[in-house]
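Read through the structure below, which is laid out as structure tokens, and then see the notes.
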Amino acid sequence: MRTLLIIMATAIVILIFIPEVIYANEAFCLYGYLLNYFQSSFIYNNARFKESTYGDTLLLRLKGDWSPEDKLSFHAEAAYYCRLGNQNPYAFYDNLGLSHLPQDQFPYNDFVNEIVIDHAWGLANLGPMDLQFGKIPIAWGSGYVFNPTAKTAPVQFLDPVSEETPGTFGIVPSFYIGDVVTLTGYLAFQDRSHKTYALKEDGDIRNLPFGIKVQVITGLFDISAGIIKEVLYAQESFQRAYYLSVDLDGGIQNLGLYTETGIYLPVEQSRLSFKGYNLEENLEITTGCYYTLVALDTELRLEYYHQGQGESKKSKYDILRVLTQEQLMLAEDYLFIFFERSFTDYIRASAGSLFNLNDGSFVVYPEFSWDVYSNFQFSLGSFFFFGGKGSEFKGEHYIEDVGNVDITETFSLYTRVKISF
Amino acid sequence: MIRKTGFFLLCTILLFPAFLAHCGEDALSIIRKVEEKQSVDTSKSQLSMLVFPDAGDEKNVRAFTVLSYGQGDEDSYMEFLSPRTIKGLKLLSKGDDQWVYFSSTGRCRKIASSSKSKKQSVKGVGGDFSYEDLGGGKLEEKYSFEILRDGKTEWVLEGMPKKEDSVYSKIVIYVNKSNYIISKIEYYTEDEGHYKDLSTDEVKIMGGRETATHMTMLNHDKGSKTIVVIHSAEYDIPLSDKYFNPARFYK
């Protein structure tokens, strides 16, 4: 850990003193950003102040591009995280009573600092096809908030710190037929949980996720359809699922439109079996639109999400399935609303809201952003949670063997500062 | 007297072809010659974009470095190299369609083909060049032109859009008679009226062709300006098809 920190610090120093020469297809380029996110959270109970917590995340992300030849490229991204207070996931799980083993039983593990090589891939341009391999951010889907066809990595749902898609070990071949048709896919070598311990079952061919799709570029919409096999290690077992994926991305007149869907396929013993099959319960779909009010320099966005695996009644909520990433949210139906107004090219005010349409709870998050300099950004924002008792965004949830846990606060304030280099 | 008359006649005879060359030029033929001058099979250029939110404040400036590839009249690819905040942002235009790749999320999104959204500047970049301005397309196909003024050194042409959903309600272009290079374009919209001016400040030979190497877009509505400086340009060179493939340009 110490050695890696020294290496990263040395790279930053070199970046500062090497003259910046930016050319097309440059042989090598090292860049990145340093981001600090501070959050203070407050819990009120019946209008009475109960408690407050504070936390900070420091993220240093280094990115490198290298093109040894015209048809070869290499990209890597390393990230250093320091998470403290309410930003530390281990402290979060300890607070919920979900940690079975105390941290002090692992004196050689660092639960505060983390260094990870998040992306490391090579790409070979082989004429009508590409071959990409390594640890790759496989970002499928046109959805803005929800991506039913993104089945390779843990979901970074409305992450206020990092927007990068986590890398997944695998290979991604793509075949291009002119500019109109593309056949692409992936074969991954790790399940979607990206667990950090190895099991012998990782090498079982049944536990290798894959995806394949055909993409067609038409006038109004880009359309793709394919098959996805998802593998997720959760609650001490491998779960496998097959999906039919369909994606549309485009617009009509002034309205941008997109839809992304993953339909669960009932595969039993390598065969499809539709006995007792309910399409609505096996459908995961997101549909959205966006519109720009040019006169007001304001962008509006709406996105509806249906998760067939969710529950329509809050009495049946299972928070453990969300914590283990077996499902994204608790309920079935959600609506995301977002608008962003630019006051100048570099000052923006935005507000987003996510509604649980089944239990009526919702979260609102306004934010103010300022690009102080070209490579220096400052943001100030907050989260507000509303809902009734036992609802998703407000109130307690029951976990077997643990009891009632409360994972949401009433509201929180945050600041985010980012320097790019 | 006879010598003066003879000299005058000689000049007339020598200049007559040049006179004839410009005489009877209608707007369409002028535009076609302008486009013919600009027309290339492929192009590659590196440029800097200097954005001045306040045209009168030279100290407050944001600089962007862009790599640009072009294919024919319809296809263009742009990659932002700096500042580091948006390094890797890529934009592909093919006719009326545009795609944007955000390197941070690894996602490529299609931009709705509407004039109103294309009137906006590139998100994260700002400046006075809109998606419409950065896209391709022939002037002849977008506008119907007529000559407003036939001056000594330049023509002034007015272009009315052929499509109802055009970003601009009218453009006025100034064409240099000696080299058929556009020296200025005035952009008009229904809402703002005289909206922007694009001026060519410098022309140099690059890649064997006359190239506008310094241009200024002045936004009358916002009081801002954006200067584009071309550092290098090459024409009719082999380019990989991948840059103009919507499924591949961002790889």
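Bear in mind that the values in this text are calculations on the coordinates, not laboratory data. Values in this document were obtained by computation on a predicted structure and should not be read as measured data. Counting neighbours? That spans all protein chains shown, and the Cβs are built from the backbone with ideal geometry, glycine included.
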(request) On a C-alpha basis, how far is the centre of region A:197-222 from the centre of region A:98-152 in Å? Whole number, if you could? (result) 14 Å
(request) Please work out whether chain A counts as rounded, prolate or oblate from its C-alpha gyration tensor, where a ≥ b ≥ c are the square roots of the eigenvalues and a/c under 1.5 means rounded, while otherwise a/b larger than b/c means prolate and anything else oblate? (result) rounded
(request) Using the structure shown, list the pairs from A:K50/A:K394; B:K87/B:K170; A:K213/A:K316 with a Cα-Cα distance above 25 Å, or answer none. (result) B:K87/B:K170; A:K213/A:K316
(message) Can you pull out the GluC sites (Glu not before Pro) in region A:22-105 whose DSSP state is coil and whose Cβ has at most 13 other Cβ atoms within 10 Å?
(response) A:E26
(request) Report the FRET efficiency, 1/(1 + (r/R0)^6), for A:F42 and B:K33, where r is their Cβ-Cβ distance and R0 is 51 Å, rounded to 0.05. (result) 0.15
(message) A 26 angstrom limit on the alpha carbon distance is what I want to check against. Which of B:K44/B:K242; B:K37/B:K184; B:K33/B:K222 exceed it?
(response) B:K33/B:K222
(message) For a quick check, take a GNM of chain A with Cα springs below 10 Å and name the residue from A:N86, A:N254, A:N125 with the largest mean-square fluctuation.
(response) A:N254
(request) Work through the residues other than A:L58 whose Cβ is under 13 Å from its Cβ and net out their charges, Lys, Arg +1 and Asp, Glu -1. (result) +2
(request) Mind checking the full-extension length gain between A:D94 and A:A225? Use 0.36 nm per residue of separation minus the Cα-Cα distance, one decimal, nm. (result) 42.9 nm
(message) Which one, A:K394, A:K71, A:K63, has the greatest fluctuation when you compute a Gaussian network model over chain A with C-alpha springs under 10 angstrom?
(response) A:K71
(message) Please list, by residue number, every one of the trypsin sites (Lys or Arg not before Pro) in region A:191-277 that is coil in DSSP and has at most 12 other beta-carbon atoms within 10 Å.
(response) A:K275
(message) Under 16 Å between alpha carbons, and skipping anything fewer than 8 positions from A:K200 in its own chain: which aspartates and glutamates qualify?
(response) A:D191, A:E236
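Within region A:143-222, report the chymotrypsin sites (Phe, Trp or Tyr not before Pro) that DSSP leaves as loop and that have at most 14 other Cβ atoms within 10 Å.
Those that pass, being in a loop and sparsely packed, are A:F157, A:F189, A:Y197.
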(message) Give me the one-decimal nm value for the distance between modelled label points at A:K389 and B:K138, 7 Å along each residue's Cα-to-Cβ direction.
(response) 7.3 nm
(request) Please work out the Cα center distance from region B:140-163 to region B:193-242, rounded to the nearest Å. (result) 20 Å
(request) Could you work out the relative contact order of chain A, using alpha carbon pairs under 8 angstrom and six or more residues apart, expressed as a whole percent? (result) 11 percent
(message) Suppose R0 equals 25 Å. What FRET efficiency, 1/(1 + (r/R0)^6) with r the Cβ-Cβ distance, do A:D401 and A:R240 give to the nearest 0.05?
(response) 0.45
(message) Against the 2.2 N^0.38 Å scaling, with N counting residues, where does region A:38-123 land? I'd like the Cα-based Rg ratio to two decimal places.
(response) 1.61
